[in-house]
Amino acid sequence: MPQHPASETPASETLDYLPTLPDRLDVGIGCIGAGFIMADCHLVAYRAAGLRPVAICSRTIENAQQVAQRHSIESVYSTYQELLQDPRVEVVDIAVPPDCLLDVVREVVRHKQIRGILAQKPLGVCLDQAKEIVRLCRNAGMTLCVNQNMRYDQSVRACRHLIARGVLGDPVLATIDTRAIPHWMPWQERQGWVTCRILSIHHLDTMLFWFGDPQRVYASFRTDPRTKFKHTDGIGLYILEYASGLRCMICDDVWAGPVREGAAEAIGITYRVEGTQGLALGEIGWPKYPKRTPSTLQYSTTSTGTWQRPHWDQVWFPDAFLGPMAELLVALENGVDPALSGEDNLATMALVDACYQSAAQHCAVELDL
Ligand SMILES: NC(=O)C1=CN([C@@H]2O[C@H](COP(=O)(O)OP(=O)(O)OC[C@H]3O[C@@H](n4cnc5c(N)ncnc54)[C@H](OP(=O)(O)O)[C@@H]3O)[C@@H](O)[C@H]2O)C=CC1
Ligand SMILES: O=C1CO[C@H](CO)[C@@H](O)[C@@H]1O
């Protein structure tokens with residue numbers, strides 16, 4: 001992103017972008033799944049913060065054993081049914097493919113000693129599954145938090161603070177522009193969909209986080225030439241219309257040009273929020289993972305006329321993964337719903353389903369979120 005002449009004033013201390021931590025760090029966490037996101041992000045962040053994962057399981061026990069050794073987790077189970085019988089497990093952290101999630105939740109809610117669930121996004125393979133997961137948890141009196149973790153990217157959270165405090169005035173136009181090549185997992189092949197429900201869901205959810213619920217969405221997809229299995233949603237383009245007049249535009253270009261095929265690379269995720277009294281420009285750091293690359297934010301308002309550049313050392317992958325788990329634990333301590341509750345996530349899942357409908361029908365879809 002081009003750097004503009006800056007004010008020397010560091011503004012980061014005024015922005016609220018870090019998670020609130022629970023009083024009790026020793027709540028026993030049972031980890032269901034031992035794949036990439038659990039091993040390289042969730043557990044790294046939890047250990048750094050002093051949380052207490054006590055047990056782990058995976059479909060392939062050897063994978064769970066390796067991850068347990070790496071993160072010093074006492075107990076390894078070959079099935080989640082066994083893990084759920086461990087009396088030390090008070091909350092479960094689920095990171096399995098989306099088409100496996102509903103079955104896992106069905107089993108978890110049968111265990112009364114479990115008080116809370118943190119479930120990876122997407123909350124099932126469609127809105128109907130998400131509703132069923134929410135219903136199961138509500139009926140069991142179990143707190144459900146959804147790991148919609150872009151909300152804890154430091155830059156996204158700081159920008160939300162600016163928007164919520166009115167620093168940028170009334171929102172006029174917001175864009176997220178993605179030119180990045182995700183590492184798709186083998187289980188994605190059997191879903192029939194790729195980018196929208198796995199990657200764009202973060203960007204759609206960020207617009208909800210920043211601005212609330214839109215009135216309608218228009219989405220257009222094309223296939224990604226690099227992704228060899230059957231799919232419709234390779235590259236995704238989205239326009240959200242708000243009653244206030246605000247317009248949001250997302251471009252999720254997972255092709256990003258033939259850069260794996262030999263062309264020079266131009267990879268990155270940028271965003272821009274324009275209001276009546278200010279504008280904010282950001283860059284999301286995760287495409288450079290595993291190189292620690294903090295997301296950035298710079299903003300200027302009509303009252304300052306200069307650029308403010310808050311700075312932080314934390315990164316989304318893995319540091320921000322503390323946020324949703326901390327939110328669940330704080331919600332349990334206070335007896336309230338987390339902000340990332342299952343109910344809240346139904347709006348995100350409904351928006352994602354509406355995008356697939358819009359793209360299939362080539363027309364805008366009205367939303368009732
Ligand atoms: N920003 C974010 O929050 C991110 C979220 N995710 C989400 O996390 C979840 C897991 O993703 P990720 O860790 O990347 O995936 P992985 O494939 O790396 O891990 C999947 C885990 O689920 C287990 N599993 C259980 N049943 C199945 C099955 N039928 N097919 C495949 N795996 C199974 C795997 O077991 P086994 O030991 O046999 O491999 C493994 O432990 C997904 O919902 C994904 O959307 C992923 C990346 C980033
Ligand atoms: O958050 C994400 C970022 O990109 C990953 C792929 O590289 C996605 O799978 C994931 O959900």
DSSP-defined beta bridges in the chain - what % are antiparallel, rounded to 5
55
Along the charge dipole of the chain, Cβ charges K/R +1 and D/E -1, which of 234, 116, 364 sits furthest on the positive end?
234
What angle, in degrees between 0 and 90 and rounded to the nearest 10, separates the Cα long axis of helix 342-361 from the longest principal axis of the Cα atoms of the chain?
60
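Let me spell out the model: positive unit charges on the Cβ of Lys and Arg, negative unit charges on the Cβ of Asp and Glu, origin at the Cα centre of segment 127-196. What dipole size does that give, in debye rounded to 20?
The dipole of segment 127-196 has a size of about 240 debye.
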The chain, helix-only ellipticity at 222 nm - DSSP H runs n ≥ 4, -39,500 (n - 2.57), divided by all residues, nearest 500:
-8500 deg cm²/dmol
Which whole-angstrom value gives the distance between the alpha carbon centres of segment 176-211 and segment 283-324?
20
Please report the base-10 log of the normalised intensity I(q)/I(0) for the chain, using a Debye sum with one equal scatterer per alpha carbon and no solvent, at each q in 0.08, 0.11 (1/Å).
-0.40, -0.77
Could you work out the relative contact order of the chain, using alpha carbon pairs under 8 angstrom and six or more residues apart, expressed as a whole percent?
22
What is the fewest-to-most order of 83, 281 by other Cβ atoms lying within 10 Å of their Cβ?
281, 83
Take the alpha carbon atoms of segment 70-137, find their center, do the same for segment 227-243, and report the distance between the two centers in whole angstrom.
29
Taking Cα atoms, the helix 322-334 axis meets the longest principal axis of the chain at an angle in degrees (rounded to 10) of 70
How large is the charge dipole for the chain, taken about the Cα centre, if only the Cβ atoms of Lys, Arg (+1) and Asp, Glu (-1) carry charge, to the nearest 20 debye?
460
Using only the alpha-carbon atoms, what does segment 131-286 span along each of its principal axes? Please give whole angstrom values in decreasing order.
48, 44, 28
Segment 75-187: C-alpha pair distances exceeding 22 Å, %
49
Specify the angular offset, from 0 to 90 degrees and rounded to the nearest 10, of the alpha carbon long axis of helix 61-71 from the longest principal axis of the alpha carbons in the chain.
70
Anisotropy class of segment 209-293 from Cα gyration tensor, a/c 1.5 cut
oblate
Descending semi-axes in Å of segment 1-136, equivalent ellipsoid built from Cα gyration tensor
31, 19, 16
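Every number in this text was worked out from the coordinates using simple rules, so none of it is lab data. These numbers were taken from a predicted model, which means no experiment stands behind them. So basically every Cβ, Gly included, is an ideal-geometry build from the backbone, and we count neighbours across all protein chains shown.
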